[in-house]
Amino acid sequence: MGTTEKRMKMPVFTLEECQQCHMKMKRPFKVGDYVFSAGGQCQNCKGNTLIAAVFAEKVPQR
Amino acid sequence: MLDLSVLQVLPGDNPLSNPLINVALFYVPLILFMLYGQKFQTWMILNEISRSVSRLKVMKEKSRKEAVEYITTAAGPSPDVTPRIDQFLEYFTIMPVDIDPSGVMKKLEHIVVLRDERVRAEIRKIAPSADPVKASTMENMIEAATALNYIYKIVRHFYLLGKRTTSIYVLVQLQMIMPMILQEADALIGAIDAFKQIQPIGDGIGPMIVGKSMMVAEKKAIAKDTVYSEADYKGRKLYLLKAEGPGGNVGQPGTAIQKMIEEMNVKLDMVIMIDAALKLEGEKTGEIAEGIGAAIGGIGVDRFKIEDVATKHSIPLYAIVIKQSIIDAISVMKKEIADSAEKVQMLVNRIIEEKTKEGEKVLVVGVGNTLGVGQ
């Protein structure tokens, strides 16, 4: 199995950070997400979130 | 128990004592290997290279298909773009003659700018309604497909040359560099997925760190696809520079720094450059290193301009690099790389506090492809 094939299986996540309470929320990447664009609503304080990072992360195998 | 009596054509207890069998078992293979050993080795190498060439062909076809699909979708209802893209995959650039190196940088810049403009003009013709982000994505995808097409053609050329001439020396050289070639091709294929979805790549860590500080400030254009902002930090004036995102641009940091110092007359006391750097085997992805000099890759035009203007005005150049492999640099940013952003920011702050005084001016440059990273 090539390196790329292994990498392709790494899911991509979007990390949103609340502008008010600074809570960080990780969710699967959606097309249209880009770093420093407006995110959604904070689950904790209902404030506005900002996309702080988009990254690929290895998910531990069960 | 195995009955060896059938081998005993001549008298004797041990079949190996039979001279005919002895010759057949030891001398015949020895002579065969002496006579045909190299041919056998050539055949083995040819088989191995043939498999790699087939793999490269699959990658080349995949990148072409992805580029055609993306551009066709983005271009909307327009005539078939496939022949134009196919023609573009064969596009080449002739680098300037460097036998007389005087003035070669200007010639190099002229050629590179011309190439970029030509690619953009072609994309504008194919997809006139595409927004700048999609246009830069198309540009990146075509570049990756062109690179894969070129790699495949060169490897195939040497494979066929070695096969035709049965020259083991040509084939052995190709076999030796094949793992590195495949690694690069793997990286390009990984990049296409990131480009298509406008996801940040490992090389975008520099723009990501600087972009964060630029978010609340006003963004001003300074060079082609390059923006800067002004900010204050502990009494120092900061100038923050990066390529304009979220499209896949690298901007022109060299031209921008030159313009800032020589045309805008900004008296800089320090320049800090943040970039991704290729890690050595054994080094960890996302490791941070600090040094001196212009941290910028590419063909050398930007680095030349930055070094030139910094030397002329005696501006110290500080460099911070985030280590990653070639695959990491052009594939979707790994978590380890994204996690290094905070540590790098702390390092930048520490350098500014230690090496400059209040009232001084510092330029922080985020070098790299800003795909999927705004500001």
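The values are calculated or read from the model by the stated rules, or taken from the named source; none is laboratory data. Note that the structure is a prediction, hence the values are computed from the model and not measured. Note: ideal-geometry Cβ built from the backbone for every residue, glycine included; neighbour counts use all protein chains shown.
Given the conditions (1) part of a helix (DSSP H, G or I); (2) surrounded by 22 or more Cβ atoms within 10 Å (Cβ to Cβ); (3) within 14 Å of chain A (Cβ to nearest Cβ), which single one is not true for B:VAL227? Every listed condition holds for B:VAL227 apart from (1).
Is it the case, given these coordinates, that B:LYS267 is more than 19 Å from the chain's Cα centre (by Cα), more than 24 Å from A:MET10 (Cα to Cα) and part of a loop (DSSP other than H, G, I, E, B)? So B:LYS267 fits the description; yes.
Looking across the range B:107-157, just one residue is hydroxyl-bearing (Ser, Thr, Tyr), buried (at least 21 other Cβ atoms within 10 Å of the Cβ) and farther than 19 Å from B:ASP193 by Cα, and that is B:TYR152. Quick check: anything in the range B:292-305 at pLDDT 95 or above, in a helix (DSSP H, G or I) and either more than 18 Å from the chain's Cα centre (by Cα) or over 30 Å from B:ILE94 (Cα atoms) (or both)? Within the range B:292-305, one or more residues are at pLDDT 95 or above, in a helix (DSSP H, G or I) and either more than 18 Å from the chain's Cα centre (by Cα) or over 30 Å from B:ILE94 (Cα atoms) (or both). Filtering the range A:30-40 to residues that are at the interface with chain B (Cβ under 7 Å from one of its Cβ atoms), touching a strand residue (DSSP E or B) at 6+ places or on another chain (Cβ under 6 Å) and either outside any strand (DSSP E or B) or farther than 23 Å from B:VAL210 by Cβ (or both) leaves only A:SER37. Whether any residue in the range B:158-175 is modelled with pLDDT of 90 or more, within 14 Å of chain A (Cβ to nearest Cβ) and surrounded by 18 or more Cβ atoms within 10 Å (Cβ to Cβ) is what I want to check. Scanning the range B:158-175 turns up no residue that is modelled with pLDDT of 90 or more, within 14 Å of chain A (Cβ to nearest Cβ) and surrounded by 18 or more Cβ atoms within 10 Å (Cβ to Cβ). Sub-6 Å Cβ pairs linking a first residue in the range A:41-62 that is more than 8 Å from chain B (Cβ to nearest Cβ) and surrounded by 13 or more Cβ atoms within 10 Å (Cβ to Cβ) to a second residue that is β-branched (Val, Ile, Thr) and in a loop (DSSP other than H, G, I, E, B), at least 6 apart or interchain, number zero. Only one of the numbered conditions (1) more than 17 Å from B:ILE322 (Cβ to Cβ); (2) within 14 Å of another protein chain (Cβ to nearest Cβ) is violated by B:VAL210, and that is (1).
A Cβ distance below 8 Å, combined with a sequence gap of six or more or placement on separate chains, defines the contacts here; from the range B:186-203, residues that are without any contact (Cβ under 8 Å) to a residue 60 or more places away in the chain reach no residue that is surrounded by 23 or more Cβ atoms within 10 Å (Cβ to Cβ) and not in a helix (DSSP H, G or I).
Of the residues making up the range B:193-213, those that are crowded, with 24+ Cβ neighbours inside 10 Å and in a helix (DSSP H, G or I) are B:ALA194, B:PHE195, B:GLY202, B:ASP203, B:GLY204, B:ILE205, B:GLY206, B:PRO207, B:MET208, B:ILE209, B:VAL210, B:GLY211.
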